[in-house]
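Read the structure below first, then the notes.
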Amino acid sequence: MAKQSNEPVLWALFSAGGVFAALVIPVHLFLLGLAFPLGWIPAPGYEYLHALVRLPLARLYVFSLCFLALFHWAHRFRYTLYDGLQIKHLNELIFFCCYGGAILGTVWAGYLLWNFR
Amino acid sequence: MTETRQPARYTEYHPRWYRSHVSTWWWLARWPYLKFILREISSVFVAWFVVVLLLQIRALSRGSEAYAAFERWLQNPLIVLLNLITLFFVAFHAVTWFNVAPRAMAVRFRGKRVPDLWIVGANYAAWAAVSLVLAWFLVRS
């Protein structure tokens, strides 16, 4: 019996995360990381953002973004380490660190968003 | 003749592997290689953005004082610099991702292949539209 590979699933997550990240992260990062802290654009107030994240749809959006973007990172970074540094003997360790990190981050996102008050 | 001939020691029928040595720094040798590695490294900055976003969510759930502290942390010059570098990398990721989209999805319409330029154009249009919608939600003074 041929061994089932989980590579297609991991690649699909990488690809979906790549599309999602490309579409939404640049604008999020520009606003949150530069425009608001540097005062180029007035930052939204605490009350408004809190009410926004209270919406289940907004939380579902943030969760999907975190989940897919992290698995995108895990897959791409794993191959960067494989190809870039030629440390084949560490491949299993890299695999577990990358996907372990993505799983931990996803669980953290789920915990924060599920318990958001 | 005192020379003693040792029988040759080798494993029969097993060729010696020929492997040319590749430096660990091979990706510095040419610009396309470096571009490839930079594109792959962009994923680290994608992950960094997720961390910032989750810290924001955590601060929001802890109350207005925690959120004010989070906003001050974002004004730290080192964090601003890191976010500036991150913006460069995530934009690089977006551009390289959209530019290879036609090779990832060969769209056909009425039996004809849709030109690559249209697919790339559609991706950039979607990027602009999504960015505008998100900015509309987030820019509230």
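We did not get these values from a lab; they are worked out from the coordinates using the rules stated. Since the model is a prediction, treat every value here as computed from it, not as a measurement. So basically every Cβ, Gly included, is an ideal-geometry build from the backbone, and we count neighbours across all protein chains shown.
Could you state the angle between the C-alpha long axis of helix B:77-99 and the longest principal axis of the C-alpha atoms of chain B, as a value from 0 to 90 degrees rounded to the nearest 10? Taking the Cα atoms of chain B, the angle to B:77-99 is about 70 degrees.
If you take the alpha carbon atoms of the protein assembly as shown and fit the smallest convex hull around them, that volume is 260 Å³ per residue. For chain A, which DSSP H helices look membrane-span-like by this rule: Cα extent along the axis of 20 Å or more and mean Kyte-Doolittle of at least -1.0? Within chain A the helices that satisfy the rule are A:7-29, A:56-85, A:91-114.
With the charge dipole of the protein assembly as shown set up from +1 on Lys and Arg Cβ and -1 on Asp and Glu Cβ about the Cα centre, the Cα lying farthest toward the positive end among the listed residues A:PRO37, B:ALA69, B:TRP25 is that of B:TRP25. Start at zero, step by 10 Å, and the Cα-Cα distances of the stretch B:29-93 spread as 20, 39, 26, 11, 4, 0 percent across the bins. Rounding to the nearest 10 and keeping the result within 0 to 90°, find how far the Cα-based axis of helix B:64-74 lies from the longest principal axis of chain B. For B:64-74 against chain B, the angle is about 50 degrees.
A crude spin-label estimate for the pair B:SER20 and B:GLN75, with each label 7 Å from Cα along the Cβ direction, gives 5.6 nm. Look at where the Cα atoms of the stretch B:28-78 and of the stretch A:1-56 average out, and the two centres are 11 Å apart. In the protein assembly as shown, taking the dipole from charged Cβ atoms about the Cα centre, the farthest positive-side position among B:VAL80, B:PRO102, B:TYR124 is held by B:PRO102. Counting only Cα atoms, chain B measures 99, 55, 27 Å along its principal axes, largest extent leading. Ranked for footprinting exposure by Cβ neighbours inside 10 Å, fewest first, A:LEU90, A:LEU52 give A:LEU90, A:LEU52.
Charges were assigned to the Cβ only: +1 to each Lys and Arg, -1 to each Asp and Glu. The resulting dipole of the protein assembly as shown about its Cα centre is roughly 580 debye. The value for chain A of Rg(Cα) / (2.2 N^0.38 Å) is 1.31. Across B:TRP17, B:TRP73, B:TRP118, mean-square fluctuation computed from a Gaussian network of chain B (C-alpha pairs under 10 Å connected) peaks at B:TRP17. Farthest towards the positive end of the charge dipole of chain A, among the residues A:LEU112, A:PHE77, A:ASN6, is the Cα of A:LEU112, using unit charges on the Cβ of Lys, Arg, Asp and Glu.
Summing Cβ point charges (Lys, Arg +1; Asp, Glu -1) relative to the Cα centre of chain B gives a dipole of roughly 520 debye. Each peptide in B:25-36, B:40-51, B:81-92, A:106-117 receives the mean, over its residues, of other Cβ atoms within 10 Å, and ordering these scores from highest gives B:40-51, B:81-92, A:106-117, B:25-36.
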